[in-house]
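Data first, discussion second: the structure below is written as structure tokens.
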Amino acid sequence: MTNQTIICAQGARGVATVTLNRPERGNAMNPALIDELGACMQELGADQAVRVIVLRGAGKHFCAGADVGGRGEGEPRFTLATMLETIERTPKPTIAIVQGAAAGGGMAVAACCDIILGTPEAFFTIPEARLGMAPSVTLAGLFVRAIGLRAFRRYGFSGERIVAQEAHRLGLLTEIAAASEIEARLDALIDALLHGAPGALATLKTRVADFDAPPLSLLFDPAVRDARTERSPEADEGIAAFKEKRKPNWYL
């Protein structure tokens, strides 16, 4: 299945591969990509023939975050939060392959997967504060779950890169493998996952969903995930500075 921004392929042994397909934009998420990714993951999650889902990005980067210039047409089926919830709650084991950037919402997409394999060049960022805004409650909670509160306070506040070795130390990256070796490591992981009974794995994912803090039941509560805030003057300036490749006016 190929959409405008997503390639979804089902291969042997019940392994489905979902590829973010906007390489010219670093696979940045516009409304179409969010909608298509949510629909694809929902479909695969319900398909009894699918045993494992691999999520990856075409080109140099996994996902460069939000496409600040993106525009949607029509009424979307998925918001960023409901798309992330669909990935997080899919009953199948999910593996993200990260090369290059996984920024903002792209980091959240990877964090919603059960396992993350990354190349030594992979890096993660939480850049929202540098753009004059704070991550949503859903995003902030996912980041805290992924790297812990103390690390989130540093990297969420500073916007610094979390390089591969540090991401591995923090527990975000499951494993680091050279680009020449990552497909072999992926195959080995898939084989290990296929030893698990599908129903048992689905039950296990449900049972552990709220063990970490903050619980998913809070992060994906409709009252939280659907909250809207007005874009502030700081956000207008931050986005303008990003597009114009200059420092924002609050940087002294």
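The values are calculated or read from the model by the stated rules, or taken from the named source; none is laboratory data. Quick caveat: nothing in here was measured; it's all calculated off a predicted structure. Quick reminder, even Gly has a Cβ in these numbers, built from the backbone with ideal geometry, and neighbours come from all protein chains shown.
Looking only at residues of segment 11-23 that are surrounded by fewer than 19 Cβ atoms within 10 Å (Cβ to Cβ) and in contact with a helix residue (DSSP H, G or I) (Cβ under 8 Å, 6 or more places away or on another chain), we find that the one that is nearest to Ala46 (Cα to Cα) is Gly14. Taking the criterion of being within 15 Å of the chain's Cα centre (by Cα) and of a type in the set (A, V, I, L, M), the residues of segment 16-38 that qualify are Val18, Leu20, Ala28, Met29, Leu33, Ile34, Leu37. Among residues of segment 7-22 that are in contact (Cβ under 8 Å) with a residue 12 or more places away in the chain, those with a beta-carbon under 6 Å from a residue that is charged (D, E, K, R) and buried (at least 18 other Cβ atoms within 10 Å of the Cβ) at least six positions away or on a different chain give the pairs Gly14/Arg51; Thr19/Arg56. In segment 119-134, the count of residues that are charged (D, E, K, R) and under 16 Å from the mean Cα position of the chain (by Cα) is one or more. Based on what the data block shows, is Ala66 modelled with pLDDT under 95, within 14 Å of the chain's Cα centre (by Cα) and surrounded by 18 or more Cβ atoms within 10 Å (Cβ to Cβ)? Taking the combined requirement at face value, the residue satisfies it. Looking at this structure, is Ile190 buried (at least 16 other Cβ atoms within 10 Å of the Cβ) and either of a type in the set (Gly, Ala, Ser) or under 25 Å from Ala64 (Cβ atoms) (or both)? Taking the combined requirement at face value, the residue does not satisfy it.
Using the structure shown, decide if Leu219 is closer than 17 Å to Glu88 by Cα and either in contact with a Ser or Thr (Cβ under 6 Å, 6 or more places away or on another chain) or loosely packed, with under 10 Cβ neighbours inside 10 Å (or both).
Here the answer is yes, as Leu219 does meet what is asked.
Taking the conditions (1) in contact (Cβ under 8 Å) with a residue 60 or more places away in the chain; (2) among the β-branched types (Val, Ile, Thr); (3) touching a strand residue (DSSP E or B) at 6+ places or on another chain (Cβ under 9 Å) in turn, Ile87 satisfies each one other than (1).
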